[in-house]
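Notes follow the structure.
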Amino acid sequence: MFKKLLVANRGEIALRVLRACRELGITGVAVYSDVDRDSLHVRYADEAYLLGAAPARDSYLNAAKILRIAKKAKVDALHPGYGFLAENADFAQACRDKGITFVGPTPESIRLLGDKIQARRLMQEAGIPVVPGTDELSSVDTAHLAATRMGFPILVKAAGGGGGKGIRAVYRADELHTALEAASREAGAAFGYGALYLEKFLEPVRHVEVQVIADHHGTVVTLGERECSIQRRYQKMIEEAPSTAVDAGLRLRLMEKARVAVQAANYTNVGTVEFLLDEEGHASFLEMNTRLQVEHPVTELVTGVDLVADQILVAAGEPLPYRQGHIRVRGWAIECRIAAEDPFNDFLPSTGKVSFVSEPGGPGVRVDSALYNGVDIPYYYDPLIAKLCTWGRNRQEAIQRMRRALLELKIVGISTNIPFHLQVMNNPHFMAGRLDTAFVEKHFRLDRHDPLKDEKIALVAAAALTYHRRREAPKAAPPAAPCNPSAWRSQGRPNGSWGRTAWRKDT
């Protein structure tokens with residue numbers, strides 16, 4: 001087992017990995033930019049090192065600086081979290097060259113699956129259906145010919161990267177040239193790689209993914225599916241496990257396809273195989289994410305598996321402590337991504353100081369965050385600031401708990417997307433499980449209202465109901481005095497008689 005591990009990330013995921021290290025008896029090392037000096041992951045770590053200035057290119061994307069710190073701190077392993085360098089094959093290779101274990105798949109797997117065109121080709125060869133599309137585009141003319149052949153609408157997509165960047169929907173031929181330029185420019189800025197391909201824009205479809213983990217001893221375990229159809233601009237906002245569209249038979253077929261994908265790519269550690277699911281239940285391979293997913297907590301809640309601890313164990317060469325037959329999906333879990341965004345202003349990022357935060361608790365509630373009173377939310381990084389998850393014995397209970405938890409979550413000083421999540425939880429289409437990737441565009445209209453007002457109305461109604469029930473309930477008779485005068489001892493009464501004064505004092 002590793003003795004020392006560096007987390008090359010920030011915020012809630014850095015804190016999540018450091019907690020797993022502490023449970024495993026591993027010394028946790030944090031890195032931070034100058035604006036993250038007082039962050040919780042820095043305070044929690046056993047050691048912490050300054051990376052540089054706030055911009056990501058000077059800090060969390062500075063691979064050379066991170067590796068120098070790793071050697072200075074004499075770590076055995078490095079966990080990339082998600083985002084930043086998590087799916088950078090060159091960084092994983094550099095860790096290997098320095099004798100540091102990269103907690104994730106091999107550089108070869110990252111490189112193979114990170115190129116979505118190569119990944120599509122690999123899955124086709126393995127017999128897995130893929131979303132109709134093209135190889136890498138060589139020219140605008142090639143793109144026009146392919147788009148005409150497939151038929152509009154289509155998606156222009158970046159060959160590398162993720163997170164919804166480098167993607168443009170095109171509904172008419174005269175929109176294609178502009179979409180190609182915009183997608184290539186965005187992909188080049190985000191990933192340093194502007195190659196594009198076309199994919200048929202399928203609708204209505206669901207976005208369903210299967211969590212996998214594989215060790216170095218040939219064991220591959222699938223941990224059920226997650227529903228990720230609530231998206232905005234191709235970025236996930238709400239996830240749940242399991243999916244309302246997946247029955248036992250379809251679940252087995254999805255897990256088998258995921259297993260074949262893992263074996264075809266000679267893949268180890270955690271990963272996610274993503275599918276588009278049509279109304280007839282036909283699943284087409286979309287892509288494979290070669291890292292821990294943001295939404296991994298919902299899988300942990302329904303399976304009882306600690307994915308972060310297990311991926312560290314797998315990276316250390318340990319066999320998985322369970323097999324496929326040990327995995328059982330119990331209950332239902334939902335995750336709301338809490339972001340520093342203003343939902344009433346086109347979800348523009350909101351920055352500033354959080355003057356007060358109060359996180360919810362109670363049965364079935366989990367909060368992954370790095371928030372505290374006085375924390376500054378900078379504009380340099382992703383606006384995700386917390387993940388609010390609930391578990392219930394069924395989907396209805398999970399939704400009810402999420403409503404309650406969203407109302408209890410108080411973040412003062414910045415705008416957040418909590419009102420968006422509250423209204424989705426009360427949307428009749430969502431409650432009925434009628435979801436697809438265009439859900440937000442088709443069914444959602446954000447209404448400006450005061451959630452606290454709704455909470456007060458609910459509390460008043462509950463108090464009135466309780467009062468009414470108490471008034472209608474039969475009055476309980478007082479207990480009879482015991483025959484034995486000394487029985488007060490066994491009844492827990494104070495020393496004295498069972499007379500009127502003693503009874504009034506007791507009640």
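The values are calculated or read from the model by the stated rules, or taken from the named source; none is laboratory data. Quantities reported herein were computed from a predicted structural model and do not represent experimental measurements. FYI the Cβ positions are ideal-geometry reconstructions off the backbone, even for glycines, and counts take in every protein chain you see.
Quick look at the values:
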| quantity | calculated |
| --- | --- |
| Matching entry among ASP90, ASP115 (being at pLDDT below 95 and out of contact with any strand residue (DSSP E or B) (no Cβ under 9 Å at 6 or more places or on another chain)) | ASP115 |
| Some residue of region 52-61 being closer than 23 Å to PRO319 by Cβ, assigned to a strand (DSSP E or B) and not assigned by TED's automatic domain parsing to the domain that holds PRO297 | no |
| One residue from ARG337, ARG330, ARG291, ARG323 being assigned by TED's automatic domain parsing to the domain that holds PRO378, over 29 Å from ALA89 (Cβ atoms), under 20 Å from the mean Cα position of the chain (by Cα) and not aliphatic (A, V, I, L, M) | ARG330 |
| Subset of region 319-351 [touching an Asp or Glu at 6+ places or on another chain (Cβ under 7 Å), surrounded by fewer than 23 Cβ atoms within 10 Å (Cβ to Cβ) and in contact (Cβ under 8 Å) with a residue 24 or more places away in the chain] | PRO319, LEU320, PHE347, PRO349, SER350 |
| Residues (touching a residue at least 12 places away in the same chain (Cβ under 8 Å) and part of a helix (DSSP H, G or I)) located in region 66-93 | ILE66, LEU67, ILE69, ALA70, LYS71, LYS72, ALA73, ALA89, ASP90, PHE91, ALA92, GLN93 |
| Tabulated pairs, region 231-242, first outside any strand (DSSP E or B), second crowded, with 17+ Cβ neighbours inside 10 Å and hydroxyl-bearing (Ser, Thr, Tyr), C-beta under 9 angstrom, 6+ apart or interchain | TYR234/THR437 |
| Verdict on PRO478 being assigned to a loop (DSSP other than H, G, I, E, B), modelled with pLDDT under 50 and not hydrophobic (A, V, I, L, M, F, W, C) | yes |
| Given (1) surrounded by fewer than 21 Cβ atoms within 10 Å (Cβ to Cβ); (2) modelled with pLDDT under 90, number of the condition PHE201 does not satisfy | (2) |
| Residue match in region 382-398 (condition: within 17 Å of the chain's Cα centre (by Cα) and modelled with pLDDT under 95) | yes |
| Helices (runs of 4 or more DSSP H) wholly inside region 115-219 that include at least 1 residues being over 27 Å from MET255 (Cβ atoms) and out of contact with any His (no Cβ under 9 Å at 6 or more places or on another chain) | 140-150, 176-191 |
| Residue match in region 335-356 (condition: farther than 28 Å from ARG403 by Cβ, out of contact with any strand residue (DSSP E or B) (no Cβ under 6 Å at 6 or more places or on another chain) and not in a strand (DSSP E or B)) | no |
| Residue tally, condition part of a loop (DSSP other than H, G, I, E, B) and farther than 16 Å from GLY162 by Cβ, over region 252-298 | 9 |
| Selection within region 94-106 - crowded, with 21+ Cβ neighbours inside 10 Å and in a helix (DSSP H, G or I) | CYS95 |
| One residue from ALA245, ALA241 being surrounded by fewer than 22 Cβ atoms within 10 Å (Cβ to Cβ), among the hydrophobic types (A, V, I, L, M, F, W, C), at pLDDT 95 or above and touching an Asp or Glu at 6+ places or on another chain (Cβ under 9 Å) | ALA245 |
| Those residues of region 165-180 which are more than 28 Å from the chain's Cα centre (by Cα) and either on the phi > 0 side of the Ramachandran plot or surrounded by 14 or more Cβ atoms within 10 Å (Cβ to Cβ) (or both), in sequence order | VAL170, GLU175, LEU176, ALA179, LEU180 |
| Matching residues in region 352-378 - criterion: being aromatic (Phe, Trp, Tyr) and either within 21 Å of the chain's Cα centre (by Cα) or crowded, with 19+ Cβ neighbours inside 10 Å (or both) | TYR372 |
| Tally, over region 1-40, of residues that are free of Cβ contacts under 8 Å to residues at least 60 places away in the same chain, among the hydrophobic types (A, V, I, L, M, F, W, C) and surrounded by fewer than 21 Cβ atoms within 10 Å (Cβ to Cβ) | 0 |
| Region 416-460, subset modelled with pLDDT of 85 or more and of a type in the set (D, E, K, R), residue surrounded by the most Cβ atoms within 10 Å (Cβ to Cβ) | ASP436 |
| Count of region 129-145 residues which are more than 13 Å from ILE117 (Cβ to Cβ) and surrounded by fewer than 17 Cβ atoms within 10 Å (Cβ to Cβ) | 8 |
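Each row is one residue, and each column tells you yes or no for (1) at pLDDT 95 or above; (2) in contact with a helix residue (DSSP H, G or I) (Cβ under 9 Å, 6 or more places away or on another chain).
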{"position": "LYS98", "(1), (2)": "yes, yes"}
{"position": "PHE102", "(1), (2)": "yes, yes"}
{"position": "GLY163", "(1), (2)": "no, yes"}
{"position": "GLY166", "(1), (2)": "no, yes"}
{"position": "HIS177", "(1), (2)": "no, yes"}
{"position": "ALA183", "(1), (2)": "no, no"}
{"position": "ALA190", "(1), (2)": "no, no"}
